[in-house]
1. Mind telling me which of the residues Ala280, Ala274 ends up being in contact with a Cys (Cβ under 7 Å, 6 or more places away or on another chain), of a type in the set (A, V, I, L, M) and at negative phi?
2. Can you tell me how many residues in the range 379-397 are under 14 Å from Leu221 (Cα atoms) and open to solvent by less than 70 Å² (accessible area, probe 1.4 Å)?
3. When the range 198-230 is examined, which residues are found to be touching a Gly at 6+ places or on another chain (Cβ under 6 Å) and open to solvent by 30 Å² or more (accessible area, probe 1.4 Å)?
4. What residue, of Thr234, Thr265, is of a type in the set (Ser, Thr, Tyr), at pLDDT below 85 and under 18 Å from Ile378 (Cα atoms)?
5. Any residue at all in the range 161-173 that is among the small types (Gly, Ala, Ser) and closer than 30 Å to Phe124 by Cβ?
6. Pick from the range 288-301 the residues that are open to solvent by less than 50 Å² (accessible area, probe 1.4 Å) and touching a residue at least 60 places away in the same chain (Cβ under 8 Å): which of them is nearest to Ala172 (Cα to Cα)?
7. Would you confirm whether or not the range 383-394 contains a residue that is touching a residue at least 12 places away in the same chain (Cβ under 8 Å), charged (D, E, K, R), farther than 24 Å from Ile193 by Cβ and touching a Phe, Trp or Tyr at 6+ places or on another chain (Cβ under 7 Å)?
Amino acid sequence: MAALGTLPGGAAAASVPRSQRRRGVPSLAAAYVPEGVRLVCGRQLRAAPVLASPSATLSGPARRRFLRAAPAAAAASGSASAGEAKPQGFAERYPTLVTGFFFFLWYFLNVIFNILNKKIFDYFPYPYFVSVSHLFVGVLYCLIGWGFGFPKRAPINSTLLKQLIPVAVCHAIGHVTSTVSFAAVAVSFAHTIKALEPFFSASASQFILGQPVPLTLWLSLVPVVVGVSVASLTELSFNWTGFINAMISNISFTYRSIYSKKAMTDMDSTNLYAYISIIALIVCIPPALIIEGPQLVQHGFKDAIAKVGLTKLISNFFVVGLFYHLYNQVATNTLERVAPLSHAIGNVLKRVFVIGFSIIVFGNKITTQTGIGTSIAIAGVALYSFMKAKIEEEKRQIKSA
């Protein structure tokens, strides 16, 4: 009889004597070969199942007992798998409550910062140095956090550094000019002027970036411009220093947004803001030394210490700087948790809270015309923010479709 083939081991299957095959003696051709096939006398038999069902091999009462026990075993296995799942934390179980807390913390920190910051100028009227103190405390906070690994410091390379420098420079200019404005005019009026920031953002998108702004968005900005103009005409604390610096801060923060979009990075917001704060601090120190340094050395620090004492002066700088850093960080973290529309509305409400609380705390007297103008401006910002967020959401849906 011809050989049957070559086995896995490489040996050839020779012909087996007929007498052995009749007696049922197993030959080499009956050995196991790949794919569960057995060759017997040149015939291919059906492979036996690798795992046979126990119920198939049982009969009678034993089979019935097995079938009754199977569901219970499966349920026990399922519960064991569920027990291995990671338990949900408080944030996962109550996301709305956590997001609401972020909004509350954002408003609270911002209001406290604006109130304490304004009070510092009563005995220390040096806004450039105050701006430096804000950033210095924030950088100190970041360095201590990195030292304890909360958060873990993200590495930075030369490419990302070059992208962050324009962002940080605009952040520094915007922060300093905002502080100068807060020192020169009432906090409520400074925030009313800063309500014009969306107008500068739209102008930059249209005329600098070449991104067309819909007519509806331009129309929604009309109440903002009109409201700020009306409020400015009758503002009792109006002066050009405060007004011009607030306008410069609007322009600076607009360019900060433009450069931020170009600085594409996967770095988390906490580390990103830390690096921006460090660069901004380096940018702010030279002008503070040049503009206010001689005055501070001659009598600035001495006068402030004589009024409130050294301990209170240093502690006030530290507390205000800490509130400044935390409210900016919480604002960024809040943006990551909500949709742009929710964040835009929250930003408008924050400005309303700051204006309202500053009027109550400082007892600022405002005319009826100023109040009407401020209300119109805030309403315009709310309308603009709502329409812009809605347009951006529609664009994302079209891209994802």
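The values are calculated or read from the model by the stated rules, or taken from the named source; none is laboratory data. On a predicted model such as this, the values are computed, not experimentally measured, just so you know. Positions of Cβ are backbone-derived with ideal geometry, glycine not excepted, and every protein chain shown enters the neighbour counts. The protein model used for the area step is the full one, side chains on, heavy atoms only, and it has no ligands, DNA or RNA in it. Shrake-Rupley method; radii C 1.70, N 1.55, O 1.52, S 1.80 Å.
1. So the residue among Ala280, Ala274 that is in contact with a Cys (Cβ under 7 Å, 6 or more places away or on another chain), of a type in the set (A, V, I, L, M) and at negative phi is Ala274.
2. The total comes to 7.
3. Within the range 198-230, Pro223, Val230 meet the criteria.
4. Working: Thr265 fails: under 18 Å from Ile378 (Cα atoms).
Answer to the selection: Thr234.
5. At the first step, the residues of the range 161-173 found to be among the small types (Gly, Ala, Ser) are 168, 172.
Then keep just the ones that are closer than 30 Å to Phe124 by Cβ; that gives 168, 172.
Scanning the range 161-173 turns up at least one residue that is among the small types (Gly, Ala, Ser) and closer than 30 Å to Phe124 by Cβ.
6. Looking only at the range 288-301, we keep the residues that are open to solvent by less than 50 Å² (accessible area, probe 1.4 Å), and these are 288, 292-293, 296, 300.
Narrowing further to those that are touching a residue at least 60 places away in the same chain (Cβ under 8 Å): 288, 292, 296, 300.
Working: Ala288: 12, Glu292: 17, Leu296: 21, Gly300: 23 Å.
Among residues in the range 288-301 that are open to solvent by less than 50 Å² (accessible area, probe 1.4 Å) and touching a residue at least 60 places away in the same chain (Cβ under 8 Å), the one nearest to Ala172 (Cα to Cα) is Ala288.
7. No, the conditions are met nowhere in the range 383-394.
One line per residue, one yes/no per condition, for (1) in contact (Cβ under 8 Å) with a residue 12 or more places away in the chain; (2) open to solvent by less than 60 Å² (accessible area, probe 1.4 Å):
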{"site": "Ser232", "(1), (2)": "yes, yes"}
{"site": "Asn239", "(1), (2)": "yes, yes"}
{"site": "Ala246", "(1), (2)": "yes, yes"}
{"site": "Ile251", "(1), (2)": "yes, no"}
{"site": "Asp266", "(1), (2)": "no, no"}
{"site": "Asn271", "(1), (2)": "yes, yes"}
{"site": "Ala274", "(1), (2)": "yes, yes"}
